[in-house]
Amino acid sequence: MSKKDPATTLPQIHHREIVARSRLFKVERVDLEFSNGATRQFERMAGGGHGAVMIVPLLDDDTIVLVREYAAGNHSYQLGFPKGLIDPGEDAIQAANRELQEEAGFAARDLHEIHKVNMAPNFFNSEMRIVVARDLYPQQLEGDEPEPLEVVHWKLSDAAALLAREDFIEARCIAALFLAQQWLKEQ
């Protein structure tokens, strides 16, 4: 019988407590004991909800749809893929099609969840599912954005120029671009 690797044994959670909250976030303190007996307190953004989706919409084999929207974190307008939360009762595909309609004015007949990403898993308990949307058609739903989003069409064959832009910097968008390109090669 082999000895269990301590690095694969999850720490025991002894106590969890919300130590701060805002309208959007909850900070949770977690008291942990590791398999070697070490104890630590960690703070993390408490997970909630049903996760989120980011959509890589394809008008054709070489044209993606991006949106430009205000990013409060760095007080700028950023170019990226449509994205949003998965609402109660929705799965990732349904949420992706809804967000695509709200943010970009398209619906899709063909949607594929291709990967899952997490931003800073040491501090956040949040999953974002990457969805490729094809066979698009015009369809608009009212969303919760405070202003209309600019819709931008971009050639995948010119991805290097997109990556060089100062307004296409969100790591999840960059990951989604590469994941979608790889997925498309495999199709």
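Laboratory data are not the source of any read-out in this text; all were calculated from the coordinates shown. No experiment lies behind these values; they were computed from the predicted model shown. Quick reminder, even Gly has a Cβ in these numbers, built from the backbone with ideal geometry, and neighbours come from all protein chains shown.
To test your reading of the geometry: what angle, between 0 and 90 degrees and rounded to tens, separates the Cα axis of helix 92-104 from the longest principal axis of the chain? The two axes meet at around 50 degrees.
Taking every Cα-Cα distance in the stretch 77-187 and sorting them into 5 Å bins starting at zero, the pair-distance distribution P(r) comes out as 2, 10, 19, 24, 24, 15, 5, 1 percent.
Taking Lys and Arg as +1 and Asp and Glu as -1, the other residues whose beta-carbon sits under 15 Å from that of R29 total 0. Residues of the stretch 172-187 with the amide nitrogen closer than 12 Å to a label point 7 Å from the Cα of N74, along Cα-to-Cβ, please. Residues passing the 12 Å test: 172-174. For the chain, the equivalent ellipsoid derived from the alpha-carbon gyration tensor has semi-axes of 35, 20, 16 Å in decreasing order. Taking the Kirkwood radius as Rh and the Cα radius of gyration as Rg, the stretch 6-45 has a ratio of Rg/Rh equal to 1.09. Loop-located chymotrypsin sites (Phe, Trp or Tyr not before Pro) across the stretch 77-124 with a Cβ neighbour count of 12 or fewer within 10 Å are F123, with loop assigned by DSSP.
Angle, helix 171-186 long axis vs. longest principal axis of the chain, Cα atoms, 0 to 90°, nearest 10? The angle comes out at about 70 degrees. In this simple spin-label approximation, S157 and R29 carry label points 7 Å from Cα along the Cα→Cβ vector, and these lie 5.8 nm apart. The helix-only estimate of mean residue ellipticity at 222 nm for the chain, built from DSSP H runs of length n ≥ 4 each weighted as -39500 (n - 2.57), is -5500 deg cm²/dmol after division by the residue total. The fewest-to-most ranking of E17, E166 by surrounding Cβ atoms within 10 Å reads E166, E17. Within the stretch 125-180, all pairs of alpha-carbon atoms sorted by distance into 10 Å bins from zero give the percentages 15, 43, 39, 3.
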